[in-house]
Amino acid sequence: MRRTAALLCLLPCLLAVAGSPRAETRPVVVELFTSQGCSSCPPADALLRELAGRADVIALGFHISYWDRLGWKDPLSNEASTDRQKTYASRLGGRVYTPQIVVEGTNEMVGSDRAAVAAALRNARPEAVAPVSFAADRASVAIGAGVGAGAGEVLLVRFAQGRVTNVPAGENAGRTLRDANGVTAVMRLGDWDGSARRYRIEPPRSGEGLAVLVQAADGRMLGAAAILGPDA
């Protein structure tokens, strides 16, 4: 009788868990903060190129501006990338440096540390709390109704799929640098409060890609998806 009673007590709990909605998986968001003016960055850039080829990763190269004073102005550098890195530093209690990789907005490491990056990817549990999907014509993006609690801002990230630069000056003088998914612009589309949203966007051009991120105030990624231009 005791065993039967215990089973009867456990059954409703199991049914409740089985019936609760679960968010689908999505690609892991990897952000590299780098610079063509940094001699330590090419190994991290090479790692990002590899990650950019994985279907389970959204790899983004944010080129910061504070190394532009070392003799070479990175053509991909912008203040928005620098500000984004500084925001992560304040959240994660760390310093601002290159190369730095941030995984899922919550875990940072040296960008060329392959073992640490591989471990972070293995441990990541990316869920589409805010499901992101692009229209067939790529002219709009939808953020679905939330699966569970959450709120955040919706960001549109434009990036160049590939860029080759012959660097004549600075710490990498004489080197040919190959950058993958170098971010060219970040635009805030709006807020997501758990309800469905749709935004009009300009489709990616040839050689370009788009990523849409839904990010909580504490940095956690709630949703993410990416598409490439028509020639990809």
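When you scan segment 174-201, how many residues do you find that are at pLDDT below 95 and open to solvent by less than 30 Å² (accessible area, probe 1.4 Å)? Going through segment 174-201 one residue at a time, the tally reaches 1.
Based on this model, can you work out whether Val96 counts as of a type in the set (Val, Ile, Thr) and open to solvent by 30 Å² or more (accessible area, probe 1.4 Å)?
Numbers: of a type in the set (Val, Ile, Thr): yes; open to solvent by 30 Å² or more (accessible area, probe 1.4 Å): yes.
Here the answer is yes, as Val96 does meet what is asked.
With the requirement that a residue be part of a strand (DSSP E or B) and either basic (Lys, Arg) or touching a Gly at 6+ places or on another chain (Cβ under 8 Å) (or both), what does segment 32-74 give you?
Hits for segment 32-74 are Leu32, Phe33, Thr34, Gly61, His63.
So which residues in segment 128-143 are surrounded by fewer than 18 Cβ atoms within 10 Å (Cβ to Cβ) and in contact (Cβ under 8 Å) with a residue 40 or more places away in the chain? Walk me through it before giving the result.
Taking segment 128-143 as the starting set, the residues that turn out to be surrounded by fewer than 18 Cβ atoms within 10 Å (Cβ to Cβ) are 133, 135-140, 142.
Residues satisfying the conditions are Ser133, Asp137, Arg138, Ala139, Ser140, Ala142.
So which residues in segment 75-134 are in contact with a Pro (Cβ under 9 Å, 6 or more places away or on another chain) and assigned to a helix (DSSP H, G or I)? Matches in segment 75-134: Arg114 only.
Return yes or no: is Val147 of a type outside the set (Gly, Ala, Ser) and modelled with pLDDT under 95? It is true that Val147 is of a type outside the set (Gly, Ala, Ser) and modelled with pLDDT under 95. Return the pair list, or none, for Cβ contacts closer than 6 Å from residues in segment 103-127 that are more than 14 Å from Gln215 (Cβ to Cβ) to residues that are open to solvent by less than 50 Å² (accessible area, probe 1.4 Å) and among the acidic types (Asp, Glu), at least 6 apart or on different chains. Close Cβ pairs satisfying both conditions: Ala124/Glu104. Confirm whether Pro43 is open to solvent by 10 Å² or more (accessible area, probe 1.4 Å) and either touching a Pro at 6+ places or on another chain (Cβ under 9 Å) or of a type in the set (Phe, Trp, Tyr) (or both). Judged against the criteria, Pro43 is a match.
Could you please let me know if Ile227 is β-branched (Val, Ile, Thr), out of contact with any helix residue (DSSP H, G or I) (no Cβ under 7 Å at 6 or more places or on another chain), surrounded by 14 or more Cβ atoms within 10 Å (Cβ to Cβ) and over 22 Å from Ile101 (Cα atoms)?
Numbers: β-branched (Val, Ile, Thr): yes; out of contact with any helix residue (DSSP H, G or I) (no Cβ under 7 Å at 6 or more places or on another chain): yes; surrounded by 14 or more Cβ atoms within 10 Å (Cβ to Cβ): yes; over 22 Å from Ile101 (Cα atoms): no.
No; evaluated as a whole, the condition is false for this residue.
A Cβ distance below 9 Å, combined with a sequence gap of six or more or placement on separate chains, defines the contacts here; from segment 57-78, residues that are open to solvent by 40 Å² or more (accessible area, probe 1.4 Å) reach residues that are charged (D, E, K, R) and in a loop (DSSP other than H, G, I, E, B) in the pairs Trp67/Asp74; Trp67/Glu171; Leu70/Glu171; Gly71/Glu171; Trp72/Glu171.
The values are calculated or read from the model by the stated rules, or taken from the named source; none is laboratory data. Since this is a predicted model, take the numbers as computed values, not measurements. When we count neighbours, we look across all protein chains shown, and the Cβ atoms used for this are built from the backbone with ideal geometry, even at glycine. The area values use the complete protein model at the heavy-atom level, side chains included, leaving out ligands, DNA and RNA. Shrake-Rupley method; radii C 1.70, N 1.55, O 1.52, S 1.80 Å.
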